[in-house]
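Student: Got a structure here, written out as C-alpha cells. Questions coming.
The values are calculated or read from the model by the stated rules, or taken from the named source; none is laboratory data. It should be emphasised that the depicted structure is a prediction, and the values quoted were computed from it without experimental measurement. Backbone-built Cβ (ideal geometry, glycine too); neighbour counts: all protein chains shown. Remember, those area values only see protein heavy atoms, side chains included, never the ligands or the DNA or RNA. Shrake-Rupley method; radii C 1.70, N 1.55, O 1.52, S 1.80 Å.
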Amino acid sequence: MNRRDRRRAASAQRKGAAPAGAIAADPAVSEWLATANNLHNSNRFVEAAVVCRQVLARDRDNFEALLLHGSAADNLGEGELARAQLERAGALRPHDPRPLVVLGTHFTRVGDYAAALRACQQAIALAPDFAPGHAALGTLWSLQRAYDAAEPAFRRALELAPGYLDAEINLGSCLFYLGRPEEALVPLQRALAAVPDHPWALKNLAATQRALGNYEEALAAYRRATAAAPQFADAHRDEGLLLLLLGRFEEGWRKYEWRRSASTRGVRPLEGEYWDGGPLAGRSILLLAEQGAGDTLQMLRYVPRIAAQAASVKLMLPRGLLRLEGDALAPASLYAQDEAPPPFDCWAQLMSLPGLLTTTADGIPAPIPYLRAPASAQSDVRRQIAGEGRAVGLVWAGNPEHENDHNRSIPFARLQRLLALDGIRWFSLQVGPRAADIAGAADVTDLAPGLSDFGETAAAIDALDLVITVDTSVAHLAGALGKPVWLLLPHVPDWRWLLDREDSPWYPTMRLFRQVRRGDWDEVIGRVAAELARG
C-alpha cells in the first residue's frame, strides 16, 4: 500500500459523501436524482454528471443535484467545476455539512491540505455526529502520514455509523502503517464480511497478511481482488512483488508489469514504442530510471546486455547518479531524468528489464563490480577515512517518504552496542534529516557534508573496509561497487532480498542479517556485534 493507494481506497468515501437525501417533488426530477445517485455510487461519474445537468437545467438551485454534480466532477478531476457546484450547494444550505465534506475530500485529493482541514473542521463543527466528516478528516491525516491523528477520526466515524465501509477499510490501512498489522486485520475482515468481493479491502488485507508473513493467505487475497476487478493494476502489481519475494520469478515479473498501469507508475510515460523484448539490431533504445535510487542502481547491471543487442542505448537517470562510472554505464549515453528525452526508436523502464530478459532466481547477472567511483570525486572524504584500524560505514535510516520506512529504518540509539566495540572506526554515510541523529556521538565521524551525490558516496565507500546499512540505496551502491556490505533487514523484507537466506544473488559481496521476530532490531544488532567482534 502507498500514498496513491490510500487516495484510491478513499474514493468510495468521496462518492458516499453525497447521498441523494430528500428528493424534489417533481416526479421527473425525483427519478433523475435517483438515477444520478445510483450512477454515482457505481463509479459511473460521467453519466451521473449528465443526469445532474438535466436536473439543473430544470431547477438550477437544486441542492442535491449540485451536491452530486460537484462530487462527480471531483472524481473526474474537474476541480474548478467541483468547487463551484459545491460552494453553490453550501450557500443554499449553510447548515448542511455534506458540501463541506465533499470539498474537504476534494482539497485532500489535490493536495491542498490546509483548505481540506478547514473544510473538514467546519463540517464537524456544524454536525459533530456526521460520520463522513470524521472519516474525511481521518483520510486527510492519513495522506499526511499523521496516522496517530487519523486512527481516532476513523474510529469516531465507526462509532457514529457502525459498519461504515470506507471507514473500516481506511482504519485497516491506518493501523497497517502504524505497524499494528494484527489489529489492521479486524476492520478489514469486518469490511469483507459486509462486502466479500470489495477489491480495495482485499488488496489491503493481502498487504496486511504479507506484513505478518502469511504469504499464502496474502496471495489468495490478491487473487480474490483481481478476480473481483480483473483490471485492478495495483493488486496485480503487488501480487507480482510478493511472487518475486517468494522466488517465483517468471510469474512475478509478468505480474509486476502491471505497475505501468497502476496508481504509482514512478516514471513519466513517453510517446512511442515500448520495447517488448524483440530484436534491437539497428535500433536505438531509451532506458528510463524509475522509483528509488536503489532500484535504479540494482538494474543498471542490465545495460550492457541491452547495448550488446542495440545500435545505441540512451539512459535517463536522476542527476545524483550521473557522475558514477563503470561497465554498466560505459555503453550508454547519459541524460538527466528531468530533461527532455533524446530521440529513440523504442523505450523501456529499467525495472522491466529483468522480465524482458527472462531473469530467473538462479540466473541473476551479477558482474561485480559494475559501477565505480568517478575519477573526479573529491579526496576530502577519503582523507577523513584514512588511518589505522578497521573503517566501517554506517547507514541506519532510509527515505522517510518510503511507505515501508517505519519497518526498515532503525533508531540510532539502538546502534550503541555496535559503537562500543573496540578496534573499529565508525563513519556515517547517512544523509538527509536522519543524519542529525549522530549529533553528540563522539564515536562516529559524520561524512554527510561531503556526500553531495552518489559519486562522492561511492568514493567514500571505496575507502571503507565494510558498509553496514539498512535497506536503502547505499546498500545497492556498495554491492554494485563490490564492497563488503552487511544489510540489516526487517522480518518481512523487500522483494529483492528473497526469504530464508543470508546471501544475495544480486550482490555476491553482500551478507544479510534478518530480523527473527518482527520489529526486533536488538537481536539483529547483537548478531552483527558478535560478527564484528570476531574480526
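Student: Suppose only helical runs count, i.e. DSSP H with n ≥ 4. What mean residue ellipticity at 222 nm does that imply for the chain under -39500 (n - 2.57) per run, divided by all residues and rounded to the nearest 500 deg cm²/dmol?
Tutor: Values: 25 runs with 260 residues, N = 535.
Value at 222 nm, helices only: -14500 deg cm²/dmol.
Student: Using the beta-carbon distance between residue 220 and residue 250 and R0 = 22 Å, what value does 1/(1 + (r/R0)^6) give for FRET efficiency, to the nearest 0.05?
Tutor: 0.65
Student: Can you send over the carbon and sulfur percentage of the accessible area for the chain, probe radius 1.4 Å, protein chains only?
Tutor: Taking all protein chains in place, the chain shows 51 percent carbon and sulfur surface.
Student: Next question, about the same structure. Can you compute the FRET efficiency between residue 453 and residue 129 using 1/(1 + (r/R0)^6), with r the Cβ-Cβ distance and R0 = 45 Å? Round to the nearest 0.05.
Tutor: The pair residue 453/residue 129 has a calculated efficiency of 0.25.
Student: Working from the alpha-carbon coordinates of segment 140-239, get Rg over Rh, Rh being the Kirkwood radius.
Tutor: Over the Cα atoms of segment 140-239, Rg/Rh equals 0.97.
Student: Hand me the tally of lysine pairs in the chain: alpha carbons under 28 angstrom apart, and the pair either on different chains or 8 or more positions apart. Show your work: numbers first, answer last.
Tutor: On the way: 15/203; 203/255; 255/314; 314/483.
Close lysine pairs found across the chain: 4.
Student: Further question: Expressed as an acute angle from 0 to 90° and rounded to the nearest 10, what is the orientation of the C-alpha long axis of helix 45-58 relative to the principal long axis of the chain?
Tutor: 30 degrees
Student: How high is the relative contact order of the chain, in percent, counting Cα pairs under 8 Å that sit 6 or more residues apart?
Tutor: 9 percent
Student: In square angstrom, rounded to the nearest 10, how much accessible surface does residue 359 have for a 1.4 Å probe?
Tutor: Approximately 10 Å² of residue 359 is accessible to the 1.4 Å probe.
Student: Please check which bits of segment 475-494 a label hung off residue 516 would reach, taking the label as a point 7 Å along Cα-to-C-beta and the cut-off as backbone N under 11 Å.
Tutor: Within reach of a label on residue 516: no residues.
Student: Then there's this: In whole Å, largest first, what are the principal axis extents of the Cα atoms in segment 174-297?
Tutor: 57, 29, 26
Student: Which value, in Å² and to the nearest 10, is the accessible area of residue 182 when all protein chains are kept and the probe is 1.4 Å?
Tutor: Surface accessible to solvent at residue 182 totals approximately 100 Å².
Student: Continuing with this model, one more query. If I model a spin label at residue 53 and residue 81 as a point 7 Å from the Cα along the Cα→Cβ vector, what separation in nanometres do I get?
Tutor: So the two model labels end up 0.6 nm from each other.
Student: State in Å² the accessible area per residue of the chain; use a 1.4 Å probe, count heavy atoms of protein chains only, and round to the nearest integer.
Tutor: Value for the chain: 40 Å² per residue.
Student: Whole angstrom only: what separates the Cα centroid of segment 511-535 from the Cα centroid of segment 429-498?
Tutor: Cα centroid to Cα centroid, the span is 17 Å.
Student: Right, something else. To the nearest 10 square angstrom, how much accessible area does residue 465 have with a 1.4 angstrom probe?
Tutor: My reading of the accessible area for residue 465 is about 80 Å².
Student: So for the pair residue 43, residue 378, with labels modelled 7 Å out along Cα→Cβ, what separation do we get in nm?
Tutor: Each label point lies 7 Å from its Cα, and together they span 5.2 nm.
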